[in-house]
Amino acid sequence: MIERTYTVRGMVCGHCAESVGEELEGIAGVTAVSVDVDSGTVAITSDEALDTADVRAAIEEAGYELSTEGA
């Protein structure tokens, strides 16, 4: 199992977290998603390393932005 944390811009409420989580759970190999709106982070657990482009696309589909700071 691999766990990676990403920073997401624009999340402000529980609905935001739900939208982002649902999109990320749709990525092949993802086994768990934990969204923390207060810190603006998403922790993703997966069977294998994820392509950042797939993560970015899922977050953008939900209407938010993957931060590249510190990446």
Open item on the list: Per residue, how large is the accessible surface of the chain? Use a 1.4 angstrom probe and give square angstrom.
Closed with: 59
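Sum -39500 (n - 2.57) across every DSSP H segment of at least 4 residues in the chain, then divide by the residue count to get the 222 nm mean residue ellipticity, nearest 500.
Mean residue ellipticity at 222 nm (helix-derived): -9500 deg cm²/dmol.
Once you charge only the Cβ atoms, +1 for Lys and Arg and -1 for Asp and Glu, what is the size of the charge dipole of the chain about its Cα centre, to the nearest 20 debye? Please list the in-between numbers first.
Numbers: 3 positive and 15 negative charges, 35 e Å.
Once rounded to the nearest 20, the dipole reads 160 debye.
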- [ ] Round to the nearest 10 and give me the degree value, 0 to 90, for the angle of helix 14-25's Cα axis relative to the longest principal axis of the chain.
- [x] 20
Open item on the list: Tell me the label only: which of (1) 0.91; (2) 0.96; (3) 1.15 is Rg/Rh (Cα atoms, Kirkwood Rh) as calculated from this structure?
Closed with: (1)
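Tell me, what is the percent relative contact order of the chain, built from C-alpha pairs under 8 Å that lie six or more residues apart?
Working: 114 pairs, mean separation 30.0, N = 71.
Relative CO of the chain lands at 42 percent.
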Open item on the list: I'd like the carbon and sulfur percentage of the solvent accessible area for the chain, probe radius 1.4 Å, heavy atoms only, ligands and nucleic acids excluded.
Closed with: 43
Task: Selection from V12, A57, G26 lying farthest towards where the dipole of the chain points positive, charges on Cβ - done: V12
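The values are calculated or read from the model by the stated rules, or taken from the named source; none is laboratory data. Given the structure is predicted, the values throughout are model-derived calculations rather than measurements. When we count neighbours, we look across all protein chains shown, and the Cβ atoms used for this are built from the backbone with ideal geometry, even at glycine. Note: accessible area is taken over every heavy atom of the protein model, side chains too, but ligands, DNA and RNA are not part of it. Shrake-Rupley method; radii C 1.70, N 1.55, O 1.52, S 1.80 Å.
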